[in-house]
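Read through the structure below, which is laid out as structure tokens, and then see the notes.
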Amino acid sequence: IKSIYHCRDMARETRMAGRDKDRDKERERLENERLLKEWKTLYRAMYESVQKLEKMLRHTSDLSLIFGDKMSKERKKIRILGERQLFLRSPRRDKLEDVIWRKSFYDVIQACKQQRQEFATDSSLLLNLRRHLEIASGFYRHLVVRLEEDFNIDLKGVVSWSRATICRHSQSLDDGSELIWCDDDETTEWALSACHRCLIYLGDLARYQLEFEGGTTRLAVMYYKQAIYLDPSVGMSWFDVQSLT
């Protein structure tokens, strides 16, 4: 009799374990569907902003308009939506990083390079460019801190700032709706590579400021050396340091 009861209890536990496993699979499926739907919504919204920005750039080369509120609004939206996607299970992270860099920051710098003669006659352009570079640097410093926090990466001794010294902040779209950051359960491999790329971007931004305003190479070299310390296998960082020293 005891053996019969024992077998019955084991069968019941097996059925319960099976049901629990099925429920876990269903929850995981629903969560993946939710994340995919959210990512598609964010991607479409960001792509619309990219198209708007590219259309405006095709119809004007006036730097005062490029730095104006209308284009600045679209650049801000691109980097907010892009960052949100980076911390989802996005299948296009590398592409997203490139879109954020080019459409939010580098296209403006390139336009300034192409019209560098305008800076001699309009002092406000230099102020606008300086502000643009400050926003870009602040964004990538913030991104490094987010990567460090969300993926539990220890960058102590690598970067010259720590997550304890920078207040983590949320960003809002222009309609006032706050974006809620989503955690990602992937390995830290992408996060470490992304931190390295952020340091390269920071070095590039410091170098661009040097090109327009002069000064020392100390800040750019510092960022490139931090990138080398994080991943010495990337040869471009070594080349950047050598070209500045």
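The values are calculated or read from the model by the stated rules, or taken from the named source; none is laboratory data. Keep in mind that what you see is a predicted model, and the values were worked out from it rather than measured. All Cβ positions, even for glycine, are placed from backbone atoms using ideal geometry, and neighbour counts span all protein chains on display. Surface areas here come from the heavy atoms of the whole protein model, side chains and all, with no ligands, DNA or RNA. Shrake-Rupley method; radii C 1.70, N 1.55, O 1.52, S 1.80 Å.
Within 10 Å, count the other beta carbons around each residue, average over each peptide in 77-87, 93-103, 209-219, and list them highest first.
Numbers: 77-87: 22.5, 93-103: 18.5, 209-219: 13.5.
Put in order of decreasing packing, that is 77-87, 93-103, 209-219.
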Note to self: C-alpha centroids of the range 77-151 and the range 184-225 sit apart, in Å, by 12
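Report the gain in length on full extension from residue 60 to residue 233: 0.36 nm times residue separation, minus Cα-Cα distance, nm rounded to one decimal. List each step's numbers first, then the result.
Values: separation 173, 0.36 × 173 = 62.28 nm, distance 4.13 nm.
So the chain would gain 58.2 nm between residue 60 and residue 233.
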At a 1.4 Å probe radius, carbon and sulfur cover how many percent of the accessible area of the range 31-70? 54
Inter-site label distance for residue 122 and residue 29 at 7 Å from Cα along Cβ, in nm: 5.8
